[in-house]
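Asks: The structure's right below; bear with me while I get my questions together.
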Amino acid sequence: MGKWFKSGSPWIWMTGGAVSLSLIAVLGLLLLIAWRGLSYFWPAEIYQWQLKDQNGVKSTLIGEIYDREDVPTERLESAGHKFEHHPGETVTRYLIKTGNRERVSLDFRWVMATDIVSRSTPEGIAKFERSKNGNFYGYPKAVIVDGKKVTGDNLVTVLQQQIERAVELTGKAHSLQKSEIGTINYQLEQLRLSARKLELEDKLTEAKKLEFQQKKEQLNKDYQVLEKEFFDLKKKSGRDSVLVEDMTGDTIKLPLDTVLDVTFVNSMSTLDKIGHWFIGVGKFVADDPREANTEGGVFPAIFGTVFMVMLMAVIVTPFGVVAAIYLHEYAKKGPITKMIRIAVINLAGVPSIVYGVFGLGFFVYMVGGSIDQLFYPEGLPSPTFGSPGVIWSALTLAILTLPVVIVSTEEGLSRIPSSVRQGSLALGATKAETLWRIVVPMASPAIMTGLILAVARAAGEVAPLMLVGVVKLAPTLPIDMNFPFVHLERKFMHLGFHIYDVGFQSPNVEAARPLVYATSFLLVSVIVALNLTAISVRNHLREKYRSLEH
């Protein structure tokens, strides 16, 4: 036994066991997040309950079972709940998603198992997904198409057709508002700023005023045409409606321009549910958020996260590589070089929120404010670059991840044999040519390793971004069809901040809980995708320059 311990085998097994446990824990956490997040999109059965509370009041409830838990009977009795018959040590209670927000004060309601008289899953119950006020549950009774009431056997078919029509018209109106009408508004604002700039330079002549006025009048004419088309589309989309009987027995009229989809979950087969699940996941990835981020998709947050990380990578890589090359290849050993290395090490240990405060004070207020004073005085006092934006977020995270790139690149440079450098110099190459053509390409796998670590950290940071550019809801993306096409001064959405906002700032916590898991899994997937891309590039470079190492 003593020889076995002295051989070091126990430590090898302990290390292997610790690595295995860590891997299992990480995979288990990812599976938990994936299960809790992706199961949200699975169509849940809609139940109808007949209830009788402790006071003998009967009622009907329609909704989905969201959660369940066992509560000690003693605790319920101490809270004043009375039971007709003693239920035992614990009582099961269900969290029911009732929807119908404009009819019921809360989307969710706890129901005791002892209050349930009966429970059924009628096939005629429909779930209406709406653009506002959440879901609506009830029995469709009639569809009003252009003032005519449609009932009977073809009710469901007509309902789905009219919903598709309304969604298509609403999508056209939304697209018109964002693209063509948005472009005219942008051009009007640019025209105003151009006139203001000439006025500040004392160059606004009468001829220029007349030219600006003519352009403005033409844009206003185009705007009126598009506005008329927009309101026509809105009027057509809101033409039809559906009559639905809710759980109270009242018949409610729902305008179809607020309905996105209708599903009869209780009559769906397993294949239908699988197809609906894929559609739900696709909408979550591709749509814009709504209802204070508790409904809809997260596409702007995905785009903002990837765009900001790529912009950060473009900024941090050259600066980190140049700094590493200077420290390793040119700087002499001395107190100044030693201080620089200590500073780099200390930068890696600074809390991220400190970088956010620095970015707000230096980049946003100082650099951005100076840019506004020099190049955009016509926009003042409204700031252009002097307010948080995607460029300042990328620069802040570039400084945050700079030590990682420097250290990784230096390690790659130190592994290159000195004989390679000497051979290049002996053949007549200059030091700069040796670095550019031999040393840096051989160190490129190490550079990519540093970039991978930088991307992994930057994509998950939230605290500094809250100060330098990220917002709860960004109406426009940083990229559009308006010149200069890439707008680095705009604010953006981020998956990390979206998780924080939905999980802790949402007005409807219960509805937002599954979205926290879904967005978390999506953020992990985005980080993994970015890392796998960088790893594939690194492996390609490693194979390409492997022969030089030998």
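Computed from the coordinates by the stated procedures, all read-outs in this text should not be read as laboratory data. Predicted model, so just to flag it, every value in this text is computed and none were measured. No Cβ is skipped: glycine too gets one built from the backbone with ideal geometry, and neighbour counts run over all protein chains shown.
Asks: If we count every other residue with Cβ under 9 angstrom of residue 266's Cβ, Lys/Arg +1 and Asp/Glu -1, where does the sum land?
Replies: So the surrounding residues net to -2.
Asks: What order, most packed first, do the peptides 19-31, 143-155 have when packing is the mean number of other Cβ atoms within 10 Å of each residue?
Replies: Highest-to-lowest ranking by the protection proxy: 143-155, 19-31.
Asks: Compute the distance from the alpha-carbon center of the range 434-467 to that of the range 63-110, in whole Å.
Replies: Their Cα centres are 52 Å away from one another.
Asks: Just to be sure I follow: if Rg is taken over the C-alpha atoms of the range 75-116 and Rh is the Kirkwood radius over the same atoms, what is Rg/Rh?
Replies: 1.07
Asks: Among 388, 506, 317, which residue has its Cα furthest toward the positive end of the charge dipole of the range 299-549, with +1 on Lys/Arg Cβ and -1 on Asp/Glu Cβ?
Replies: 317
Asks: Would you list, by chain and number, the lysines whose Cα falls below 19 Å from the Cα of residue 215, excluding same-chain residues fewer than 8 positions away?
Replies: Excluding near neighbours in sequence, the set is 197, 203.
Asks: Let me ask something additional. Give the Cα extents of the range 246-311 along the principal axes, in whole Å, largest first.
Replies: Its Cα atoms span 55, 29, 18 Å along the three principal axes.
Asks: Amide H of residue 90 versus every other amide H placed in the peptide plane: which residues, excluding those fewer than 5 positions away on the same chain, fall under 5 Å?
Replies: 73
Asks: Give me the net charge of residue 137's neighbourhood, meaning all other residues with Cβ under 15 Å from the Cβ of residue 137; Lys, Arg count +1, Asp, Glu -1.
Replies: On the way: positive: 97, 101, 103, 109, 119, 127, 130, 141; negative: 45, 64, 102, 107, 123, 129, 245, 246, 250, 261.
My count for the surroundings of residue 137 gives -2.
Asks: Could you give me D for the range 299-549, from Stokes-Einstein at 25 °C and 0.890 mPa s, where the hydrodynamic radius is the Kirkwood radius over C-alpha pairs? Units µm² s⁻¹, please.
Replies: The Stokes-Einstein estimate is 123 µm²/s.
Asks: Using the alpha-carbon atoms, what tilt in degrees (0 to 90, nearest 10) does helix 9-38 show relative to the longest principal axis of the chain?
Replies: The angle comes out at about 40 degrees.
Asks: Next question, about the same structure. Using a 10 Å cut-off around each Cβ, can you sort 342, 274 from fewest to most neighbouring Cβ atoms?
Replies: Details: 342 10, 274 13.
Taking fewest neighbouring Cβ atoms as first place, the list is 342, 274.
Asks: Please pull out the direction-averaged projected area of the chain, using the convex hull of its alpha-carbon atoms, in nm² to one decimal place.
Replies: It is 42.0 nm².
Asks: Given a cut-off of 24 Å, what percent of all Cα-Cα pairs of the range 1-144 lie beyond it? Kindly include the intermediate steps, with their values, before the conclusion.
Replies: Details: 5680 of 10296 pairs.
Distances greater than 24 Å cover 55 percent of the Cα pairs.
Asks: Rounded to whole Å and ordered largest first, report the semi-axes of the equivalent ellipsoid of the range 46-125 derived from its Cα gyration tensor (root of 5λ).
Replies: Numbers: eigenvalues 107, 36, 31 Å².
Equivalent-ellipsoid dimensions as semi-axes: 23, 13, 12 Å.
Asks: Something else about it: Taking the Cα-to-Cβ direction at residue 193 and at residue 120 and moving 7 Å from each Cα, how far apart do the two end points lie in nm?
Replies: Label at residue 193, label at residue 120, 6.3 nm between them.
Asks: Hey, how many Å between the Cα centroid of the range 349-393 and the Cα centroid of the range 157-194?
Replies: A separation of 32 Å, based on Cα centres.
Asks: Now for a separate question. Can you tell me the dipole magnitude for the range 46-125 around its Cα centre, using point charges on the Cβ only (Lys, Arg +1; Asp, Glu -1), in Debye to the nearest 20?
Replies: Value, rounded to 20: 280 debye.
Asks: 5 Å is the cut-off here: which amide hydrogens, built 1.01 Å from N in the peptide plane, fall below it relative to residue 242, excluding neighbours closer than 5 in sequence?
Replies: It is 144, 254, 256, by chain and number.
Asks: Do you know the relative contact order of the chain, to the nearest whole percent, from alpha carbon pairs under 8 angstrom that are 6+ apart?
Replies: This gives 15 percent for the chain.
Asks: For the chain, find the longest principal axis of its Cα atoms and tell me its angle to the long axis of helix 509-544, 0 to 90°, nearest 10.
Replies: Taking Cα atoms only, the helix is inclined about 30 degrees.
Asks: Residue by residue, what Karplus-based ³J(HN,Hα) values in Hz, rounded to whole numbers, does the range 375-387 have, using 6.51, -1.76 and 1.60 with θ = phi - 60° and x for Gly and Pro?
Replies: The phi angles translate into 10, 10, x, 5, x, 5, x, 6, x, 9, 9, x, 10 Hz.
Asks: Something else now. If you place +1 on the Cβ of every Lys and Arg, -1 on the Cβ of every Asp and Glu, and leave all else neutral, what size is the dipole of the chain about its Cα centre, to the nearest 20 Debye?
Replies: Working: 58 positive and 55 negative charges, 339 e Å.
Dipole magnitude for the chain comes out near 1620 debye.
Asks: Additional query: What ranking of 393, 194, 536 emerges when the number of other C-beta atoms within 10 Å of each C-beta is taken as an exposure proxy, fewest first?
Replies: Least crowded to most crowded, the residues run 536, 194, 393.
Asks: Ok, one more. At 7 Å along Cα-to-Cβ for each site, give me the label-to-label distance between residue 179 and residue 113 in nm.
Replies: Output for this residue pair reads 5.5 nm.
Asks: Rank the residues 247, 14, 312 as a footprinting-exposure proxy: fewest other Cβ atoms within 10 Å of their Cβ go first.
Replies: Ascending number of Cβ neighbours within 10 Å: 14, 247, 312.
Asks: Also, quick follow-up: For residue 245 and residue 200 in one chain, what is 0.36 nm times their gap in residues minus the Cα-Cα distance, to one decimal in nm?
Replies: Values: separation 45, 0.36 × 45 = 16.20 nm, distance 6.35 nm.
Residue separation times 0.36 nm, minus the Cα-Cα distance, leaves 9.9 nm.
Asks: How far is helix 182-200 tilted, in degrees, relative to the longest principal axis of the Cα atoms in the chain, given as a value from 0 to 90 rounded to the nearest 10?
Replies: That helix lies at roughly 50 degrees to the long axis.
Asks: So how much slack lies between residue 418 and residue 14, counting 0.36 nm per residue of separation and subtracting their Cα-Cα distance, in nm?
Replies: 141.6 nm
Asks: What order do you get for 48-57, 504-513, 406-415 when each peptide is scored by the mean count of other beta carbon atoms within 10 Å, highest first?
Replies: My ranking of the peptides, most packed first, is 406-415, 504-513, 48-57.
Asks: OK, next. Would you kindly derive the ³J(HN,Hα) couplings of the range 210-227 from the backbone phi angles with the Karplus curve 6.51 cos²θ - 1.76 cosθ + 1.60 (θ = phi - 60°), listing them in order in whole Hz, with x for Gly and Pro?
Replies: 5, 5, 4, 5, 5, 5, 5, 5, 5, 5, 5, 5, 4, 5, 5, 5, 5, 5
Asks: For residue 377, what charge total do you get from the other residues with a beta carbon under 11 Å from its beta carbon, if Lys and Arg give +1 and Asp and Glu give -1?
Replies: Cβ neighbours under 11 Å give a net charge of -2.
Asks: Another question about this same structure. Taking amide hydrogens as modeled 1.01 Å from N in the peptide plane, which residues meet the under 5 Å criterion relative to residue 68, leaving out close sequence neighbours?
Replies: Result for residue 68 returns 95.
Asks: Cα to Cα, under 18 Å, and not fewer than 8 places away if on the same chain: which aspartates and glutamates meet these conditions relative to residue 273?
Replies: 45, 64, 123, 129, 261
Asks: Using θ = phi - 60° and the Karplus relation 6.51 cos²θ - 1.76 cosθ + 1.60, list the HN-Hα couplings for the range 470-483 in order, rounded to whole Hz, with x at every Gly or Pro.
Replies: 7, 9, 5, 8, 9, x, 10, 7, x, 10, 8, 8, 8, 4
Asks: Mind ranking 223-231, 384-392 by how tightly packed they are, going by the mean number of other C-beta atoms within 10 angstrom, highest first? List each step's numbers first, then the result.
Replies: Details: 223-231: 14.0, 384-392: 23.3.
Taking the mean over residues of other Cβ atoms within 10 Å, the ranking is 384-392, 223-231.
Asks: Something else now. So what's the Cα pair-distance distribution over the range 139-261, bin width 5 Å, in %?
Replies: Spelled out bin by bin, the range 139-261 gives 2, 10, 15, 14, 10, 9, 8, 7, 6, 6, 5, 4, 3, 2, 0 percent.
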